[in-house]
Amino acid sequence: MGYTEEDLKEDLKGKEYEFGFVTEIESDKAPKGLNEDIIRLISEKKNEPEWLLEFRLNAFEHWQTMTEPEWAHVKYPKPDFQDLHYYAAPKQKKQVESLDEIDPELRKTMDKLGISIEEQKRLSGVAVDFVMDSVSVATSFKDKLAELGIIFCSFSEAVQEHPELVRKHMGTVVPSTDNFYAALNSAVFTDGSFCYIPKGVKCPMELSTYFRINEANTGQFERTLVVADEGSYVSYLEGCTAPMRDENQLHAAVVELIALDDAEIKYSTVQNWYPGDENGKGGIYNFVTKRGICERNAKISWTQVETGSAVTWKYPSCILKGDNSVGEFYSVAVTNNYQQADTGTKMIHIGKNTNSTIISKGISAGKSQNSYRGLVKINKNAANARNFSQCDSLLMTDTSGAHTFPYIEIENSTAKVEHEATTSKIGEDQIFYCLQRGIDEEKAISLIVNGYAKEVLNKLPMEFAVEAQKLLAISLEGSVG
Amino acid sequence: MISINDLKAEIDGKEILRGINLDVKAGEVHAIMGPNGSGKSTLASVLAGREDYEVTGGTVDFDGEDLLDMDPEERAREGLFLAFQYPVEIPGVSNMNFLKAALEEVHAHKNLDPLSAKDFLARVREKSALVELDSKLTNRSVNEGFSGGEKKRNEIFQMAMLEPKLAILDETDSGLDIDALRIVANGVNKLKSEKNATIVVTHYQRLLDYIVPDYVHVLYNGRIVKSGTKELALELEEKGYDWIKQEVDV
């Protein structure tokens, strides 16, 4: 018997643990700073075609003319964009071919949440792509999906293997000049995930990406592009974690969803970036542009559970271009300590008989600020458009804040738009009622909060719903006052 | 079962309980009556451990343990149950989930094995029948959208599920029509045994037609000023509370 690939894997596994894979992970970093040379370096490192370099340089040129937006209800020291590394890749990249070999610390985190990657892998319904810092490290189940013609791989790989698809769709939903952070991302993005579902194919498993920022002083700029061809269906999950660090780290992602005629995309996020400590020190700045476009009879659902990040600025949106298309946004956003979140959605109705639903549940604890900001726009040709919005806020403390900023623009008189909003404070009565039945305070809060967020949690795929419930409980530990 | 000695408590600096003495033994039903503002509900809340009240004196022995030293959830796990005057709504949390969480805690506290899903469901069926609670209500969110009568029945249903040693019914008759009153009282009577005890807190005598007490105590101005048997309740019904007030205030 010769030395097989399996033996090699075993040997490598041992080695990586020996050298302390987590804490001392060596990485290949570009020097700090942002300029044309850095962008050329990234493009070269990734062996990109000329058109992509052009795309980056155009975005960078435009970005330099832009200023950071200040309209959101958040306050933070502006990042120094010249003081960041724009490229960091784990050095052992090539050796990591099995999910078993990935960052034990992350796996510990996952274990705490009850969803180890190993477990995920075993759940035949989930395929995982894993992006650490800037580079996608491993994608499972690729072969299985390939049989159906489904492409699910890292963005870099898609650029190499499917350049025509990437070129055709990239930047069509979120143009490189769209906003400050999207432009920055377009200039310096380093990896992300790509997914293509062919005509008429229903993807038989949940596709899942885990994003992780590991290195200090790096920004993470990943792109996700999901294309669902005519009549296809895909459910896509995205999870995010980062280690605890004292300094603020920047995460500026772009997600583009394209649902062609009769296609459906369900996009679920559990965002648990490091939120900073209880004094508001450290944590991730999460400035993300997510948008999807629906062609005729298509449907896009965004479901998000946001518990992490020091500052969140994020509005997953739907452009309902095709007639009869449907957009949905279900969100639970929890802020604690000094976290700030300004999040919501935009529903742009262009086609006739388009329909959108917005359910937003904010939970504010500690001294945090939690804002819902949403736009419902009915264009003049969007006859019989419908929207229903419900924005609820739950306050856990007297020192936290909840805000709602709904914007409604209607240019067609046949539109029907409904908006409901409530704000309530978690009741001491509710907690005492639970205590009197033998349920301790922590469990009581978890019960009450999960009940409050149930409408949204129910929209998550099973595996994620369990994780999300535990996350809500962890984020709010000891937070009533 | 429970032995209350010279219990004093205040809220926001105002003394409400001014030295309560009460002994309740296993198998007994005690009624606590009194005019509005006499401290009846305060007594129930203090025994359950509500934090708004500050205990300023006295002791309470609960089955050999110092009740006042326990957290509210510990008191519940040790078998003290309070049927609330105003049951609280918890939107999005099903009655079933709520009770399952509560039972898990009680079982863990007593080092018992957790109830299997099958046994739990069987118990739900059995106990909901006891208080004639519609099975649909057991799946709805806790008390949300329940009528006044349904809320009170739900309290007794929870009591049946948790099988407490000592149940304190705080104005359980308030807001009930005569049919609902009968159903609730029937439930309480069926749960009575030699091993548990009940304290019924009420303003009116009519509940005591259905739940017959062994002893009746009259609470006035933070003290128990008169004790007797069920005849005392009838006397109160007839004469009102004024004669007691006069007796005490003189």
Original post:
Across region A:415-455, what is the total count of residues that are more than 33 Å from the chain's Cα centre (by Cα) and among the hydrophobic types (A, V, I, L, M, F, W, C)?
Top reply: 4
Subject >> Failed criterion for residue A:432 (all others in (1) touching a strand residue (DSSP E or B) at 6+ places or on another chain (Cβ under 9 Å); (2) of a type in the set (Phe, Trp, Tyr); (3) not in a strand (DSSP E or B) hold) >> reply: (1)
Subject >> Pair list, Cβ < 6 Å and 6+ apart or interchain, from region B:218-235 residues that are under 16 Å from residue B:246 (Cβ atoms) and without any contact (Cβ under 8 Å) to a residue 60 or more places away in the chain to residues that are crowded, with 19+ Cβ neighbours inside 10 Å and of a type in the set (D, E, K, R) >> reply: none
Subject >> Qualifying position, being within 26 Å of residue B:208 (Cα to Cα) and within 14 Å of chain A (Cβ to nearest Cβ), among B:31, B:26, B:44 >> reply: B:44
Original post:
Is it true that some residue in region A:393-403 is at positive phi, surrounded by fewer than 24 Cβ atoms within 10 Å (Cβ to Cβ) and not in a strand (DSSP E or B)?
Top reply: no
Subject >> Residue selected from region B:211-247 under the condition outside any strand (DSSP E or B) and of a type in the set (Phe, Trp, Tyr), by the criterion surrounded by the fewest Cβ atoms within 10 Å (Cβ to Cβ) >> reply: B:243
Original post:
When you go through (1) crowded, with 17+ Cβ neighbours inside 10 Å; (2) under 28 Å from residue A:428 (Cβ atoms) one by one for residue B:130, which number turns out not to apply?
Top reply: (2)
Original post:
Quick check, is residue B:184 over 17 Å from residue B:210 (Cα atoms), surrounded by 16 or more Cβ atoms within 10 Å (Cβ to Cβ) and either aliphatic (A, V, I, L, M) or within 12 Å of another protein chain (Cβ to nearest Cβ) (or both)?
Top reply: no
Original post:
Of the residues that make up region A:421-439, is at least one within 18 Å of residue A:391 (Cβ to Cβ) and of a type in the set (D, E, K, R)?
Top reply: yes
**OP:** Considering only region B:4-119, give the helices (runs of 4 or more DSSP H) lying wholly within it that have at least 3 residues that are surrounded by 18 or more Cβ atoms within 10 Å (Cβ to Cβ) and more than 18 Å from the chain's Cα centre (by Cα).
**Re:** B:95-109
Subject >> Residue that is surrounded by the fewest Cβ atoms within 10 Å (Cβ to Cβ) [pool: residues in region B:133-143 that are more than 8 Å from every other protein chain (Cβ to nearest Cβ) and more than 25 Å from residue B:165 (Cβ to Cβ)] >> reply: B:136
Original post:
Looking at region A:423-463, which of its residues are among the acidic types (Asp, Glu), closer than 30 Å to residue A:234 by Cα and more than 9 Å from every other protein chain (Cβ to nearest Cβ)?
Top reply: A:463
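Out of A:467, A:420, A:409, report the one residue that is farther than 27 Å from residue A:339 by Cα, outside any loop (DSSP other than H, G, I, E, B) and away from chain B (no Cβ under 12 Å).
A:409
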Original post:
If the Cβ limit is 7 Å and pairs must be 6+ apart or interchain, which residue in region B:120-140 that is within 20 Å of residue B:101 (Cα to Cα) pairs with which residue that is surrounded by fewer than 12 Cβ atoms within 10 Å (Cβ to Cβ)?
Top reply: B:128/B:135
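Within region B:86-123, track down each residue that is of a type in the set (S, T, N, Q) and facing another protein chain (nearest Cβ under 8 Å).
B:97, the sole residue that qualifies.
Can you tell me which of B:55, B:93, B:60 is more than 28 Å from residue B:11 (Cα to Cα) and β-branched (Val, Ile, Thr)?
Numbers: B:55 fails: more than 28 Å from residue B:11 (Cα to Cα); B:60 fails: more than 28 Å from residue B:11 (Cα to Cα).
None of the other options fit; the residue is B:93.
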Original post:
So which of A:360, A:356 is of a type in the set (Ser, Thr, Tyr), within 21 Å of residue A:448 (Cα to Cα) and in contact with a Cys (Cβ under 9 Å, 6 or more places away or on another chain)?
Top reply: A:360
Original post:
Given (1) in contact with a strand residue (DSSP E or B) (Cβ under 7 Å, 6 or more places away or on another chain); (2) away from chain B (no Cβ under 12 Å); (3) among the acidic types (Asp, Glu), where does residue A:477 come up short, assuming only one miss?
Top reply: (1)
**OP:** For region A:376-392, indicate whether the set of residues that are in contact (Cβ under 8 Å) with a residue 60 or more places away in the chain and within 14 Å of chain B (Cβ to nearest Cβ) is non-empty.
**Re:** yes
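Here, each number is a calculation from the coordinates, and none is a lab measurement. What you see is a predicted model; the values in this text were computed from it and never measured. Every residue, glycine among them, receives a Cβ derived from its backbone with ideal geometry; neighbour counts consider all protein chains shown.
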